[in-house]
Each structure stands twice: as C-alpha cells, then as structure tokens.
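Asker: To start, I am sharing the structure in question, which I have written as structure tokens.
Every read-out reported here was derived from the displayed coordinates using simple, explicitly stated rules and does not represent laboratory data. Everything numeric in this text was worked out from a predicted model, so none of it was measured. All Cβ positions, glycine included, derive from the backbone under ideal geometry; neighbour counts span all protein chains shown.
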Amino acid sequence: MSTSIKSIIVGTGSFVPVNIISNTDFLEHRFYEKNGEPILRENSEVIQKFQDITEIEERRYANKEHMASDLGYFAALNAIESSAIDPETLDYIIVAHNFGDIAPGSTRVDVLPTLGSRIKHKLGIKNPDCVAYDLPFGCPGWLQGMIQADYYIRSGDAKRILIIGTETLSRVTDPHDRDSMIYADGSGATILEGRITEHEGILAHKTQTHTSAEAYYLYSGGSSNPDLITDDQFIKMDGRKIYEYALKNVPLVIQQTLDKSGTDVRDVKKVLVHQANGKMDEAILKRLFKLNGITDTPMDVMPMTIANFGNSSVATVPTLLDLILKNKLNEHQINKGDTVVFTSVGAGMNINSMVYRF
C-alpha cells in the first residue's frame, strides 16, 4: 500500500439523550393499519411482536428545550474535546439530518438557517473559510458526509473536517403507527484530518441510490388514524419492502467496497451497521459472509445498540463508533491496525459503505 494523504479519524463525539422511553410507554396508544383500520390485537401483543422483530426494548427522546442542532452541537463539542483541535482550523462542517430543527408538539421542518450554520454559530467559530452545510441523505447521511469529506481531503481542498449526524425523529412520528416505536433521537460526530500515511485511514467507499421502485419506501404522510384531522406530516415506511431491499442490496455494496480496498471479509474486525432493525442487520451480516462462502457468521463482529437506543437515523453509526472508541461498550474494542466496515441504508433509497483501517 503506497504512502499518500489519507483521511484519518482524529476525534469522535456523541450525545445520547437521557430520557428513556420503554416499550411499555406505548401500551395506551391506539394503533391503526396503513389503510386506517384499527389494529384489534392487544397492544401488549403488538409491542411484543415489534420487539421480537426489531430487538428494540427502549429508545431515547431529546429534552423539550433541545433541537436537532443542539444535539449536534453537543456531539461536536465532544468530538472537538476528544481530538484537542482548534475548531477555527476546521475547513468544513457537514451536518447530516432529515428533518432539521423541529419544536416539540409540531412536525414543521425548520432549516433556515441550515443546521450547519447554526452549529457553527453555537461553536463560536469565526473563520469564514470554515464552510458549513447540510446533507439530507436519509439514514446514510453521516456516512455520506464522511465520504464527501474524504474527497475534499484527498483532493487537497481541505485538511480537517467535522461531520455530524443529528436527528429528533421522535417529533415526526405518528402516535397511531406502530412503526413509530422504532424511532429515536441522538447525535454523533467525527473529525477527519488529512495525513500522509501508508496504513491508516479510509481505504475505499461505495454509494448507491435506488429509485426505480424504491424511492418511496420511506416517505412523509398523514396519520394512520383516519379520525385525526391535522395537516401534520409524519415519517412513514413500508417495512417489509425495506427489509427485502436491504437484504438484497446492502451485502453487495459492502462486498464491492471490500473488493475496492483489497480486503478479505475474514480480516474485518468490526462491522458498524446502521441500527435500523436488529433482525434485519443480523440478516445483512449473514448474507455478506455467505457471499464469501462462509456459513458460520461471526456475529460478534457487529456491535449493536438498537435495543437501548432505538433508531436515531444519521446518528446511529457515529454514536456506535464513539462509544466503542471510548470503551463504553465493554464487550467491543477497536485496536490499532483493525479494519472496520461502516455501512448504512435508508430513505432515498440510499446505501453506502466504507472500509477504514485504524
């Protein structure tokens, strides 16, 4: 492997809200099918089936006074502290999200100014050459920000970039849709720096967008409750189609990334996958190893936080990375020289993957 400028992770941060919402908090909800018909089964049965499929037992919701940009700011501060950099030396701040800042009790999206500008303002960065912008790319947004940052660094356009994934999905969920139990709030951040190195850094990445039949597998729509008269729009999804789509396509994208980097899947120490659905993520990992003729999948390479944190979209992977690097997931470590795969799938429909060596 030749010596060249590579993108190195020099700092990570995350912010996990303290408000724990357990599955039992949904026992009094009235759930409806997508066609508006009430679900007649007991809520306890609906919730247990949901937990069996997704593995989610609880999730975190943001404080009422905190917006997505606040969570992103907290995670950014955490990353800056861990890297010990001067924030004035940042060339870019890339903020991935889907819904911007949303006030409690409303589903109205607020992205003027952008979350990137809001977070740069909160950080007190004066340097006008620090360019801040937003990246709406579904759940793969943070990883796509990492990929964009890698292009900037390797082209010589930037030396140091802050990438943030932040979301308050709890504020765009339909209380009458059982899928609403999936979503959570949180933020994760990473700082990339260009360094001349032979072994470390981003080795390869790959992104795909599927829109022929897949574009509206995730979408905004009205409440499942036909008696709820409101102009509010909520996050909606076709869970079965997303599951089938992800299982078919995500392992192939990961494999292409491994091939580009010249990495054998047996040499991968960790696979950090978007925390979307526990059973789906496990199936993706098994399919990846099956592509390589391996039927005994080493499930311990895939850390999971979804049981306790839920699905916080763009925040799941950077939060997972931060917790591991700061020894907050006791059963998982990343050591120098380890090769790690990052991958995500989500609205768009978008898939991306990246191979990184620590």
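Asker: Using only the alpha-carbon atoms, how far is helix 68-83 inclined from the longest principal axis of the chain? Give it as 0 to 90 degrees, nearest 10.
Answerer: Once rounded, one gets 30 degrees.
Asker: Ranked by Cβ crowding within 10 angstrom, fewest neighbours first, how are 191, 254, 294 ordered?
Answerer: Details: 191 24, 254 28, 294 13.
Arranged by neighbour count, lowest to highest, 191, 254, 294 become 294, 191, 254.
Asker: Right, here's the next one. Report, in debye and to the nearest 20, how large the dipole of the chain comes out about its Cα centre when Lys and Arg carry +1 and Asp and Glu carry -1 on their Cβ.
Answerer: 820 debye
Asker: By the gyration tensor of its Cα atoms, with a ≥ b ≥ c the square roots of the eigenvalues, what is the shape of the range 202-357: rounded for a/c under 1.5, prolate for a/b over b/c, or oblate? Walk me through the numbers before you get to the answer.
Answerer: Working: a/c = 2.21, a/b = 1.61, b/c = 1.38.
Cα axes put the range 202-357 in the prolate bin.
Asker: Here is a further query. How many nm is it between the label spots at residue 126 and residue 231, if each spot is 7 Å from the Cα in line with the beta carbon?
Answerer: Going by the 7 Å Cα→Cβ label model, 4.3 nm.
Asker: Moving to a separate point now. Could you size up the charge dipole of the range 4-199 around its Cα centre, putting +1 on the beta carbon of Lys and Arg and -1 on that of Asp and Glu, and report it in debye to the nearest 20?
Answerer: Details: 19 positive and 29 negative charges, 107 e Å.
Taking the Cα centre of the range 4-199 as origin, the dipole is about 520 debye.
Asker: With a/c under 1.5 counting as rounded, go ahead and sort the chain into rounded, prolate or oblate using the C-alpha gyration tensor (a ≥ b ≥ c being the square roots of the eigenvalues; past the cut-off, prolate if a/b is larger than b/c, else oblate). Numbers along the way, then the final one.
Answerer: Numbers: a/c = 1.86, a/b = 1.29, b/c = 1.44.
In terms of gyration-tensor shape, oblate.
Asker: Another question about this same structure. Given 0.36 nm per residue, what is the gain on full extension from residue 34 to residue 248 after removing their alpha carbon distance, in nm?
Answerer: On the way: separation 214, 0.36 × 214 = 77.04 nm, distance 2.48 nm.
Going from the current span to full extension adds 74.6 nm.
Asker: Moving on. For residue 154 and residue 213 in one chain, what is 0.36 nm times their gap in residues minus the Cα-Cα distance, to one decimal in nm? Working shown, then result.
Answerer: Details: separation 59, 0.36 × 59 = 21.24 nm, distance 3.48 nm.
Difference between extended and current length: 17.8 nm.
Asker: Between the alpha-carbon centers of the range 52-116 and the range 220-278, tell me the distance in whole angstrom.
Answerer: 20 Å
Asker: Rounded, prolate or oblate: pick one for the range 303-358, where a ≥ b ≥ c are the square roots of the eigenvalues of its C-alpha gyration tensor, a/c under 1.5 means rounded, and failing that, prolate if a/b is larger than b/c, else oblate.
Answerer: Numbers: a/c = 2.90, a/b = 1.27, b/c = 2.28.
Since a/c reaches 1.5 but b/c is at least a/b, the shape of the range 303-358 is classed as oblate.
Asker: What angle do you read, to the nearest 10 degrees and between 0 and 90, between the alpha-carbon axis of helix 43-54 and the longest principal axis of the chain?
Answerer: Compared with the principal axis, the helix lies near 20 degrees.
Asker: While we're on this one: Which FRET efficiency, nearest 0.05, do residue 88 and residue 42 yield, Cβ-Cβ r, R0 51 Å?
Answerer: Efficiency at R0 = 51 Å is approximately 0.35.
Asker: Between residue 22 and residue 336, what's the calculated FRET efficiency when r is the beta-carbon distance and R0 is 41 Å? Round to 0.05. List each step's numbers first, then the result.
Answerer: Values: r = 38 Å, r/R0 = 0.93.
Working from the Cβ atoms, E equals 0.60.
Asker: Shifting gears a bit: Would you order 147, 39 from fewest to most other beta-carbon atoms within 10 Å of each residue's own beta-carbon?
Answerer: Values: 147 21, 39 16.
Least crowded to most crowded, the residues run 39, 147.
Asker: Could you list which residues have their amide H under 5 Å from that of residue 222, counting only those 5 or more apart in sequence or on another chain, with H placed in the peptide plane?
Answerer: Residues meeting the amide H criterion: 234.
Asker: What does the extension gain come out to for residue 279 and residue 57, with contour length at 0.36 nm per residue minus their alpha carbon separation?
Answerer: Going from the current span to full extension adds 78.6 nm.
Asker: About its Cα centre, how strong a charge dipole does the range 55-137 have in debye, to the nearest 20, once Lys and Arg get +1 and Asp and Glu get -1 at the Cβ? All intermediate terms of the calculation are to be shown ahead of the outcome.
Answerer: Numbers: 8 positive and 13 negative charges, 59 e Å.
So the magnitude is around 280 debye.
Asker: Which of 190, 257, 117 sits farthest toward the positive end of the charge dipole of the chain, with +1 on the Cβ of Lys and Arg and -1 on the Cβ of Asp and Glu?
Answerer: Farthest along the dipole direction, towards plus: 257.
Asker: Output the pairs from 206/236; 236/286; 34/236; 206/328; 248/269 with a Cα-Cα distance over 18 Å in this structure; if there are none, say none.
Answerer: Among 206/236; 236/286; 34/236; 206/328; 248/269, the Cα-Cα distance tops 18 Å for 206/236; 236/286; 206/328; 248/269.
Asker: Take every DSSP beta bridge whose two residues both sit in the range 4-199, then give the antiparallel share in percent to the nearest 5.
Answerer: Numbers: 26 of 37 bridges.
The antiparallel fraction comes to roughly 70 percent.
Asker: If you don't mind, another one. Once phi is turned into θ = phi - 60°, what whole-Hz ³J(HN,Hα) does the Karplus curve with 6.51, -1.76 and 1.60 give for every residue of the range 345-352, x standing for Gly and Pro?
Answerer: The phi angles translate into 9, x, 3, x, 8, 10, 9, 9 Hz.
Asker: Something else about it: List 176, 199, 210, 205 from most exposed to least, where exposure is judged by having the fewest other Cβ atoms within 10 Å.
Answerer: Ascending number of Cβ neighbours within 10 Å: 199, 210, 176, 205.
Asker: Pop the C-beta distance of residue 106 and residue 133 into the FRET formula with R0 = 22 Å and round what comes out to the nearest 0.05. Provide the component values of the computation, followed by the final result.
Answerer: Values: r = 24 Å, r/R0 = 1.11.
Computed FRET efficiency for residue 106 and residue 133 comes out at 0.35.
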